[in-house]
Amino acid sequence: LTGVLDDCLCDIESIDDFNTFKIFPKIQKLQERDYFRYYKVNLKRPCPFWADDGHCSIKDCHVEPCPESKIPVGIKAGSSNKYSKAANNSKELEDCEQANKLGAVNSTLSNQSKEAFIDWARYDDSQDHFCELDDERSPDAQYVDLLLNPERYTGYKGPSAWRVWNSIYEENCFKPRSVYRPLNPLAPSRGGDDGESFYTWLEGLCLEKRVFYKLISGLHASINLHLCANYLLEETWGKPRWGPNVKEFTRRFDPIETKGEGPRRLKNLYFLYLIELRALSKVAPYFERSVVDLYTGNGHEDAESKALLLDIFRDTKSFHMHFDEKSMFAGDKKGAKSLKEEFRLHFKNISRIMDCVGCDKCRLWGKLQTQGLGTALKILFSEREIKSLPENSPSKGFQLTRQEIVALVNAFGRLSTSIRELQNFKVLLRQTR
């Protein structure tokens, strides 16, 4: 996989080098920090589109939440002292499902900004959201330690999994029913088409709709890469061994086995990486303000976490081949606004489809990565608001919740890992030839 990506002026080799030597080591360290490892999610929301066909009963589908008793009272959603530092000194921090410390976090702002939270609560920013957000106050919403529930192959597959992706592609990617995606098992036999009619249709779309399809395809490719790289290779005496599965990788991405479709999927992964990288560089001013504090109650760790995050932002800004999002929604104002709203609603629908995933672990990571991408899109379309942020008080024009920040960083971390794993598979493939 080499060369320049479509719809931008960036080449794959530059992204590989930049990710391997600058981004990947730092984003890995950041994801391990207390602020970013705990994510609050509701895995019990019903599927809004079809009757639930039962949850995956495979043990690897299970997600182990942090018990409520282990969560310090100061960070519980809806608690009156949600932002209190004292709560983080509680003895209940002792452990969370074998983790050394909990330190789950619920505030992005230091104590000096408490008075602004009342204003924030009144501010309805639903128009900016690209995702259907979980209600953190729901009794079904629970904190999950992402490090103890890694994304990997669980055995969840077949009609249930296919229906989720099919619904995403067929109903939410601006595609007419008469155009079939390559390798779609539900498509009628097309003779020697090999998907060319699909790509003729795709090239005929406006840039925005083409970008939308590539983002979804890139997300799909990234998730598939994680499953191939963290596959259950064997289980002896109840001890599982996880690792890269070259055969599975080949089945999903090899040019011959996928009739040329695999490399296109991987190119879309790189395209998605560029979009989220661009969002990180754009949101840097939001975090560079002294008023924003990655608050966990541990002052020393909070300062280190913020320093590491700002270091990553410096790297993202140094990248010299960013995607130019100004080329999107640049037509006449009325048409551009209408298209942007259509774009947002389609993506919001996809975030709702994630509640139809039958495997809890797949649902967790699907929701997180969708929310991360939705947050990236929200950032890219809020450049003016970010530029006009006040230095010493929270903004009413643009804000990120802790959930959005955790999702943004972890979703980009997943893409960074995907591109790193792709390098590993290249080495493994050379060794098997």
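The values are calculated or read from the model by the stated rules, or taken from the named source; none is laboratory data. Quantities reported herein were computed from a predicted structural model and do not represent experimental measurements. Backbone-built Cβ (ideal geometry, glycine too); neighbour counts: all protein chains shown. To get the accessible areas, we keep the full protein, side chains included, count just its heavy atoms, and leave off ligands, DNA and RNA. Shrake-Rupley method; radii C 1.70, N 1.55, O 1.52, S 1.80 Å.
Tabulated data for the structure shown
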{"item": "Low-density loop positions, trypsin sites (Lys or Arg not before Pro), region 169-274 - DSSP coil, at most 15 other Cβ in 10 Å", "result": "ARG177, ARG190, LYS259"}
{"item": "Peptide ranges 335-341, 141-147 listed from the most packed, as the mean C-beta count within 10 angstrom indicates", "result": "141-147, 335-341"}
{"item": "Too-long pairs where the Cα-Cα distance tops 30 Å, listed order kept, from LYS306/LYS378; LYS333/LYS361; LYS333/LYS378; LYS175/LYS334; LYS26/LYS340; LYS40/LYS214", "result": "LYS333/LYS361; LYS26/LYS340"}
{"item": "Listed peptides 307-313, 30-36 by packing density, highest first (mean Cβ within 10 Å)", "result": "30-36, 307-313"}
{"item": "Which of LYS40, LYS426 is most accessible, then next, and so on - probe 1.4 Å", "result": "LYS426, LYS40"}
